[in-house]
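The values are calculated or read from the model by the stated rules, or taken from the named source; none is laboratory data. This structure is a prediction, so every number in the text was calculated from the model and none was measured. As a convention, Cβ positions derive from the backbone with ideal geometry for all residues, glycine included, and neighbour counts pool all protein chains shown. The protein model used for the area step is the full one, side chains on, heavy atoms only, and it has no ligands, DNA or RNA in it. Shrake-Rupley method; radii C 1.70, N 1.55, O 1.52, S 1.80 Å.
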Amino acid sequence: MTGLARRIGIGLLASALGCGIAVAQGWQHVGKVQRVEKLKDGVELIAGSAKVRVTVFRDGIFRVRVAPDGTFSKDFSWALIESPESPSVKIEESPKEIRIISGTVIAVIQRAPLLINFSDAAGTVYLADQPDLPMAWNGKRVHVWKKMPTDENYYGLGDKAGPMNRRNRSFANWNTDEFGWQESTDPLYKTIPFFIGLRKGMAYGLFFDNTYRSVFDFGKESPDYFSFGAEGGELNYYFIAGPDPKTIIEEYTGMTGRTPLPPLWSLGYQQCRYSYYPESRAREIVKTLRDKKIPADAIYFDIDYQQGNAPFTINRQYFPTFEKMISDFRAQRMRTILITDLHIKKDPNHGYAPYDSGIKNDMFVKNPDGSVYVGIVWPGESVFPDFTLARAREWWGGLYKNFVGMGVAGFWNDMDEPSLFERADKTMPLDTRHRLDDGTSFDHRAIHNVFGMQNARATYEGLRKLQPDERPFVLTRAAYSGTQRYAATWTGDNSSTWNHLKMSTPMLLSMGISGYPLVGDDIGGFAGSPPADLLTRWFEVGALNPIYRDHTAKGTLDQEPWVHGPEHEAIRRKYIELRYELMPYLYTGIEEMSRTGLPLMRPVFLEYPQASDFYGDNRDFLFGRDFFVAPVTTDMVDAEEISLPPGEWYDFWTNAKLSSKEKFTLQPRLDEMPIYVRAGAIVPMQPLVQSTEETPNGPLELRVYLPNSNASGDCRGTLYQDDGHTYAYQKGEILRVNYSCQVSSGAVTLSSTTEKSAYQPWWNSVKLTIYGALTPPKEVRIGEQVIHEWRYDNIAHAVTLTMPDALKNWSVRLAF
């Protein structure tokens with residue numbers, strides 16, 4: 001027994017339970033298996049007073065549940081949207097163990113003590129219980145200990161600061177409003193109790209579906225094991241076999257839901273601050289964006305547009321023609337997004353409809369004695385919708401009717417951890433009661449981490465009802481697993497420091513691989529005022545984040561793109577413009593995200609799980625499959641080393657071809673962010689526009705980055721387009737085109753195959769630019785016809801031609 005006396009802060013004792021296992025002080029470990037009952041999808045094990053169920057959710061996914069007193073609670077999840085399938089399950093028993101076989105994955109259950117291991121058919125272990133620490137409970141607390149291989153890395157848990165690899169640290173999950181958080185701040189705004197374990201290219205996932213305050217310790221207490229548990233609720237977790245990380249994310253988001261396809265405009269540049277007021281200031285901001293030709297699609301309004309900070313009101317002193325302002329912005333192709341915090345001002349007998357109707361219809365959270373709970377937030381005394389009730393969510397959704405009628409395009413649910421003032425714990429008392437539709441209720445310990453999720457759900461579902469054929473845009477700060485079904489999110493109140501710029505990428509990557517891919521941060525930082533170079537560098541990397549929003553706090557200096565003079569303005573405009581030029585590629589990746597759960601912004605190991613050199617990379621990321629980005633996140637003047645992912649890559653700016661075998665250093669100018677394109681990528685782009693609603697003037701552009709002939713099997717690209725805002729795409733009104741190329745020593749053949757053409761795009765012809773042609777082609781053919789209207793660029797090593805009538809299937813052959 002090495003070091004067992006210091007684990008998890010629970011004081012393990014050096015004694016035994018007759019099975020050679022350690023005893024954790026105050027904890028009761030599950031004992032040996034006394035009886036096995038076979039189920040259609042697994043087994044139920046009786047071990048003393050406890051029951052343990054190990055079942056197959058579907059092929060490759062196992063579920064483990066423990067009932068310490070032998071009675072399982074009602075099976076319910078806020079996170080899951082899928083029901084278990086009925087996969088083929090084979091159960092084998094021997095005197096020492098029970099084996100549950102499902103496809104290529106096996107759960108091996110040791111009988112004495114009850115320990116669970118998961119392995120593949122070849123016997124390679126994915127995940128195993130720590131031998132001397134079986135699952136345990138202590139009163140309402142539950143806990144699990146797992147063996148921790150020395151070379152295993154851990155990623156996920158969503159909204160966590162610091163390095164992306166969680167190994168050697170511990171984390172709590174309790175949604176918390178943390179203004180100006182730093183690297184060591186924990187917990188933060190979201191609870192996503194899901195992670196991926198990765199070693200030597202082999203990965204698995206684990207989702208602990210428990211809404212109480214939980215903890216994950218990845219070896220901080222001991223180098224021998226990691227552990228997780230919660231202060232209440234059920235010991236209920238899902239094991240997801242990979243073995244590759246992409247499969248895990250697809251399976252996990254299949255269980256908990258995927259981010260629906262957002263409106264195209266929400267992927268444009270968004271301008272925000274706390275706060276734009278009065279109305280003349282907001283109009284000035286929009287006018288300046290348009291006058292300076294800085295592309296943008298949305299402007300936000302924080303709480304100062306409201307009367308006395310009361311949600312769903314308008315301060316007519318600040319905004320005398322609020323409705324006309326929204327209409328005028330819309331005419332300028334600028335959408336409006338309003339904050340609507342979840343607290344309702346306690347304001348009886350003054351005609352404040354949200355409070356009066358909520359009281360009348362019993363919509364608010366209660367104290368233990370049945371009275372309405374009142375807390376202090378921005379409006380002063382406030383009450384809180386009981387979002388765990390379907391009728392309360394429906395009531396809340398209906399409150400948006402007037403704003404939707406005015407033409408407001410999106411809504412921002414903030415303070416939804418929930419966050420309260422004048423309390424040390426910054427939230428509502430733990431004994432407040434939340435009601436469920438079946439007549440039961442839970443105290444705040446059980447509901448706290450899903451409160452913001454249900455707030456976002458109520459907003460999203462309300463907007464769906466008010467505008468059935470318009471895709472909603474909702475932004476939430478707090479979340480639980482599954483909230484991605486309802487809202488985009490951001491990393492909360494960050495700071496205007498180089499360190500926070502450096503931390504933003506691993507946080508966004510962690511959110512993406514935790515099933516929450518539509519995410520951004522406050523460009524430039526929320527707390528404080530960034531120096532000019534920092535803000536410029538943040539605009540650069542932000543252009544390739546899923547959500548691109550510049551936001552800052554009250555009392556800070558201006559933070560719009562044009563501050564700090566014309567040089568910085570030009571660089572920031574350059575990267576905003578790059579985002580809009582890449583919008584066909586970006587939107588295609590976002591559509592893939594909505595179908596598969598795979599994030600647009602992804603860590604290198606997601607595409608290259610064997611590339612262990614990138615397991616600890618917190619700076620670089622992939623933008624879709626085809627772009628590798630190495631942002632500048634420091635004000636140091638020294639050159640930075642860059643290592644490319646496996647294969648060959650092109651410098652996006654110079655078109656120079658590079659190999660991953662080369663390691664090099666760069667000292668980028670202020671206007672340069674290193675971006676590389678995969679050899680074999682076919683990237684759709686568009687002419688510059690000032691908003692996503694503007695029709696591009698010119699053909700679609702396809703950039704083809706030729707691979708070597710031995711890699712031509714992976715030369716491909718895709719384009720997806722639809723109307724960008726309705727649900728017509730669900731009826732098949734889409735355009736999907738697949739592109740490919742074949743490379744040999746003497747020729748290159750490019751092909752376009754239209755898979756679905758029920759949507760008519762803005763373009764008919766394609767400007768085709770083929771990089772990597774070291775010499776001019778001897779002949780160019782479209783189909784069987786030789787053409788002479790093409791151009792060769794000797795510096796870029798590129799061939800350019802125009803493909804007319806490009807919506808039809810076509811092929812181009814270049815002979816060298």
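Look at residue 365 and say whether it is in contact with a Ser or Thr (Cβ under 6 Å, 6 or more places away or on another chain) and open to solvent by less than 20 Å² (accessible area, probe 1.4 Å). Working first, answer last.
Working: in contact with a Ser or Thr (Cβ under 6 Å, 6 or more places away or on another chain): yes; open to solvent by less than 20 Å² (accessible area, probe 1.4 Å): yes.
For residue 365, the condition - in contact with a Ser or Thr (Cβ under 6 Å, 6 or more places away or on another chain) and open to solvent by less than 20 Å² (accessible area, probe 1.4 Å) - is met.
Scan segment 636-659 residue by residue and report those that are in a loop (DSSP other than H, G, I, E, B) and over 28 Å from the mean Cα position of the chain (by Cα). Show your work before the answer.
Going residue by residue through segment 636-659, those that are in a loop (DSSP other than H, G, I, E, B) are 636-639, 644-647, 652-656.
Once the filter is applied, which keeps residues that are in a loop (DSSP other than H, G, I, E, B) and over 28 Å from the mean Cα position of the chain (by Cα), segment 636-659 yields 636, 637, 638, 639, 653, 654, 655, 656.
If residue 26 meets every condition in (1) at pLDDT 95 or above; (2) open to solvent by less than 60 Å² (accessible area, probe 1.4 Å) apart from one, which number is that one?
With (1) at pLDDT 95 or above; (2) open to solvent by less than 60 Å² (accessible area, probe 1.4 Å) applied to residue 26, the lone miss is (1).
Residues that are open to solvent by less than 30 Å² (accessible area, probe 1.4 Å): which strands (runs of 3 or more DSSP E) entirely in segment 768-816 hold 1 or more of them?
On the way: elements: 779-782, 785-787, 790-793, 798-803, 810-815.
Answer list for segment 768-816: 779-782, 785-787, 798-803, 810-815.
State whether the residues of segment 186-204 include one that is in contact with a Phe, Trp or Tyr (Cβ under 7 Å, 6 or more places away or on another chain), of a type in the set (Lys, Arg) and either at pLDDT below 95 or surrounded by fewer than 24 Cβ atoms within 10 Å (Cβ to Cβ) (or both). Steps first, answer last, please.
Within segment 186-204, the subset in contact with a Phe, Trp or Tyr (Cβ under 7 Å, 6 or more places away or on another chain) is 186-188, 191-198, 204.
Pick out the ones that are also of a type in the set (Lys, Arg) and you get none.
Among the residues of segment 186-204, not one is in contact with a Phe, Trp or Tyr (Cβ under 7 Å, 6 or more places away or on another chain), of a type in the set (Lys, Arg) and either at pLDDT below 95 or surrounded by fewer than 24 Cβ atoms within 10 Å (Cβ to Cβ) (or both), which makes the answer no.
So is residue 485 of a type in the set (Lys, Arg), touching a residue at least 60 places away in the same chain (Cβ under 8 Å) and surrounded by fewer than 24 Cβ atoms within 10 Å (Cβ to Cβ) or not?
Details: of a type in the set (Lys, Arg): yes; touching a residue at least 60 places away in the same chain (Cβ under 8 Å): yes; surrounded by fewer than 24 Cβ atoms within 10 Å (Cβ to Cβ): yes.
Spelling it out, residue 485 is indeed of a type in the set (Lys, Arg), touching a residue at least 60 places away in the same chain (Cβ under 8 Å) and surrounded by fewer than 24 Cβ atoms within 10 Å (Cβ to Cβ).
Please enumerate the residues belonging to segment 277-327 that are assigned to a loop (DSSP other than H, G, I, E, B), in contact with a Ser or Thr (Cβ under 7 Å, 6 or more places away or on another chain) and farther than 30 Å from residue 571 by Cβ.
Listed by number, the residues that qualify are 306, 311, 312.
Just give me the residues in segment 358-410 being polar (S, T, N, Q), touching a residue at least 24 places away in the same chain (Cβ under 8 Å) and either in contact with a Gly (Cβ under 7 Å, 6 or more places away or on another chain) or over 16 Å from residue 312 (Cα atoms) (or both), in sequence order.
Filtering segment 358-410 down to residues polar (S, T, N, Q) leaves 361, 367, 371, 382, 388, 402.
Then drop every residue that is not touching a residue at least 24 places away in the same chain (Cβ under 8 Å), which leaves 361, 367, 382, 388, 402.
Listed by number, the residues that qualify are 361, 367, 382, 388.
(1) under 30 Å from residue 291 (Cβ atoms); (2) in contact (Cβ under 8 Å) with a residue 60 or more places away in the chain; (3) surrounded by fewer than 24 Cβ atoms within 10 Å (Cβ to Cβ): which one isn't true of residue 609, the others all being true?
Failing condition for residue 609: (1).
At least 2 residues that are farther than 25 Å from residue 622 by Cβ in each: list the helices (runs of 4 or more DSSP H) lying fully within segment 487-590 that qualify.
Values: elements: 498-513, 532-542, 566-581.
Fully inside segment 487-590 and qualifying: 532-542, 566-581.
Condition check ((1) within 18 Å of residue 338 (Cα to Cα); (2) of a type in the set (Asp, Glu); (3) open to solvent by 30 Å² or more (accessible area, probe 1.4 Å)) across all residues:
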residue	(1), (2), (3)
411	yes, no, no
423	no, no, yes
429	no, no, no
436	no, no, no
442	no, no, yes
449	no, no, no
454	no, no, no
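Within segment 652-687, how many residues turn out to be of a type in the set (D, E, K, R) and open to solvent by less than 30 Å² (accessible area, probe 1.4 Å)? Give the steps one after another, and end with the answer.
Just the residues of segment 652-687 that are of a type in the set (D, E, K, R), to begin with: 657, 661-663, 669, 671-672, 678.
So of that shortlist, the ones also open to solvent by less than 30 Å² (accessible area, probe 1.4 Å) come out as 678.
Going through segment 652-687 one residue at a time, the tally reaches 1.
Any residue that is of a type in the set (A, V, I, L, M, F, W, C), at pLDDT 95 or above, closer than 28 Å to residue 177 by Cα and open to solvent by 10 Å² or more (accessible area, probe 1.4 Å) - is there at least one of those in segment 323-333? Quick ask: steps written out before the conclusion?
Just the residues of segment 323-333 that are of a type in the set (A, V, I, L, M, F, W, C), to begin with: 325-326, 329, 331.
Restricting the remaining residues to those that are at pLDDT 95 or above gives 325-326, 329, 331.
Those still in the list that are closer than 28 Å to residue 177 by Cα too: none.
No - not one qualifying residue is present in segment 323-333.
Determine, yes or no, whether residue 146 is of a type in the set (D, E, K, R) and assigned to a strand (DSSP E or B). Explain how you work it out, then say what you get.
Details: of a type in the set (D, E, K, R): yes; assigned to a strand (DSSP E or B): yes.
Taking the combined requirement at face value, the residue satisfies it.
Mind counting the residues in segment 780-800 that are among the hydroxyl-bearing types (Ser, Thr, Tyr) and within 14 Å of residue 816 (Cα to Cα)? Reasoning before the result, please.
First pass over segment 780-800, keeping only residues among the hydroxyl-bearing types (Ser, Thr, Tyr): 792, 800.
Narrowing further to those that are within 14 Å of residue 816 (Cα to Cα): 792.
Qualifying residue count for the region: 1.
Can you work out which of the residues in segment 263-277 that are touching a Gly at 6+ places or on another chain (Cβ under 8 Å) and open to solvent by 10 Å² or more (accessible area, probe 1.4 Å) is farthest from residue 296 (Cα to Cα)? Steps first, answer last, please.
So the first thing to find is which residues in segment 263-277 are touching a Gly at 6+ places or on another chain (Cβ under 8 Å), and the list is 263-266.
Those left that are additionally open to solvent by 10 Å² or more (accessible area, probe 1.4 Å): 264-265.
Details: 264: 12, 265: 9 Å.
Selected residue: 264.
Residue 690 - would you say it is part of a helix (DSSP H, G or I) and either open to solvent by less than 30 Å² (accessible area, probe 1.4 Å) or at pLDDT 95 or above (or both)? Spell out the reasoning first.
On the way: part of a helix (DSSP H, G or I): no; either open to solvent by less than 30 Å² (accessible area, probe 1.4 Å) or at pLDDT 95 or above (or both): yes.
For residue 690, the condition - part of a helix (DSSP H, G or I) and either open to solvent by less than 30 Å² (accessible area, probe 1.4 Å) or at pLDDT 95 or above (or both) - is not met.
Consider residue 174 carefully, then state whether it is touching a Pro at 6+ places or on another chain (Cβ under 7 Å), more than 17 Å from residue 509 (Cα to Cα) and surrounded by 18 or more Cβ atoms within 10 Å (Cβ to Cβ). Step through it out loud before you land on a result.
On the way: touching a Pro at 6+ places or on another chain (Cβ under 7 Å): yes; more than 17 Å from residue 509 (Cα to Cα): yes; surrounded by 18 or more Cβ atoms within 10 Å (Cβ to Cβ): yes.
Yes; evaluated as a whole, the condition is true for this residue.
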